[in-house]
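All remarks here apply to the structure that follows.
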Amino acid sequence: MNDTPGWASPGSAPSDGHEPGASRPAEPEQPADQPVQDPQSPGAKWSTVQPPAGQWSAPAGQQTPGQAPPPPPPGPGWGTPPPAGPGGRAGPGGPAGGYGTPGGYGAPGGYGYGAPGHGAWGGGWGGPPPAAKPGVIPLRPLGVGEILDGAVSTMRTYWRTVLGITLSVAVVTEVLAVLLQGLVLDTTGSDALDDPSATLSEVTRALGDTMLNSTVIFLISMIGTVTATALLTTVTSRAVLGRPVTFAEAWRDARTQLPRLFVLIGLLILIGAVIFGVGITPGILVGLGGNADAGAGLASFGALAAFVVVLWLMVRFSLASPALMLEKQGIRKSMGRSAKLVRGSWWRVFGIQLLAAIIANIVAALIVLPFTFIAAAANGGGVSGLMEGERGWTFLIISGIGSVIGSMITFPISAGVTVLLYIDQRIRREALDLELARAAGLQDHSTGPAGSTPRS
């Protein structure tokens, strides 16, 4: 017989409510003028059909007048049962619970485990205990809002470390960009692109200078983004367990994998560039052959097809960065892990990352744009001068300050959402929540309902 409250095996107790072997109380003596009745006869005191164990009431027609029937046995659900309905029924008009009866244990509307009625987890007055939450997210499959909230909670809870990482990386990268744009890179040659009378050589030279400047700035920005992502990956992984981490600890944990992360990001960029090159090459060849219109149309179609392929691959490998940093694996295995985790959830991963990128860039734009207009006004040329490419030191410094503040918002959100998506996919596929619970010191997580959350 199980000692769990509210649970007993059917037939484990005698139907009259006495324990086996216990002496029955003495029956009252029959008056001499009344015949002795057989207890098993139809007119006996006890009915031949007894109610199931745990639900005792007098047989039909033999109930003492004015005596209310006893309440049904308490169910095994969580919380307090609902009040009795009309006629002594459990709940609002429902049948009283009992073994094998409508509304009994395990039956619809009863008190049983898993039943859709009162007392079942997820229905009635009860419900499963909430999942353990040692850190910024509960240890179970996450929703979109919980992933976004986890990234923001990491920024809010560990703001000193997050602020130190993002501010340091953003300041270094912006200082390098401003110095290169002001001292090294030539931005005056781009004026030829707006000059209708410019020669072909001038336009070609201006186009080359513009592409060089954009490439240098992009590489500097990529270095800062990769470094911040590597450090914030460590912070977010500790935040899931509710453990604080300092800037120095994040650097020690990330520095061994940082070179591989640079190679991984560079490889993904190279793959995208090659696919775009393959997509537009046929159009370029047709245009060089003398059919400019057909070449332009074919190049546009090839670029669109290449964009779709590159987008699919980038989402497929979007979880390679946290896999490389947290699992300490190589580049090839990290890309394979990402492909495995994203398989079957491509649209979900794409949608969450797109939503996070939109939110982060809108917030960053609300900060950067005012600094840009202030910089243009302080530069002397105003908005018209900005459109004509007049960018002096004043403009570069003020706009750089705005970019630093914007990066302090985009870096943590982008890195946090990517890491939490990786953790969420592993929880769904590999029951990572059990390992995280053990790492957080929650020994009972694997035995409770939170540890048995269905995976999808």
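The values are calculated or read from the model by the stated rules, or taken from the named source; none is laboratory data. Since the model is a prediction, treat every value here as computed from it, not as a measurement. Every residue, glycine among them, receives a Cβ derived from its backbone with ideal geometry; neighbour counts consider all protein chains shown.
Select from the stretch 295-326 the residues that are of a type in the set (S, T, Y) and closer than 21 Å to F350 by Cβ and list them in ascending order.
Within the stretch 295-326, S318, S321 qualify.
With respect to the numbered conditions (1) crowded, with 19+ Cβ neighbours inside 10 Å; (2) modelled with pLDDT of 65 or more, which one is the sole condition not fulfilled by G103?
Status for G103: all satisfied but (2).
Among the residues of the stretch 275-293, count how many are closer than 18 Å to A306 by Cβ and among the small types (G, A, S).
Going through the stretch 275-293 one residue at a time, the tally reaches 4.
Give me the pairs, please: first residue somewhere in the stretch 402-429 and over 18 Å from A228 (Cα atoms) and touching a residue at least 12 places away in the same chain (Cβ under 8 Å), second residue anywhere and surrounded by fewer than 24 Cβ atoms within 10 Å (Cβ to Cβ) and among the basic types (K, R), beta-carbon distance under 6 Å, and either six or more positions apart or on two chains.
Taking only residues 6 or more apart or on different chains, the pairs are R428/R455.
Give the stretch 208-227 a look and list any residue that's surrounded by fewer than 16 Cβ atoms within 10 Å (Cβ to Cβ), of a type in the set (A, V, I, L, M, F, W, C) and either within 35 Å of the chain's Cα centre (by Cα) or not in a helix (DSSP H, G or I) (or both), or say none.
Of everything in the stretch 208-227, those that are surrounded by fewer than 16 Cβ atoms within 10 Å (Cβ to Cβ), of a type in the set (A, V, I, L, M, F, W, C) and either within 35 Å of the chain's Cα centre (by Cα) or not in a helix (DSSP H, G or I) (or both) turn out to be F218, L219, M222.
Which of the residues that make up the stretch 160-187 are part of a helix (DSSP H, G or I) and more than 22 Å from V226 (Cβ to Cβ)?
Matches in the stretch 160-187: R160, G182, L183, V184.
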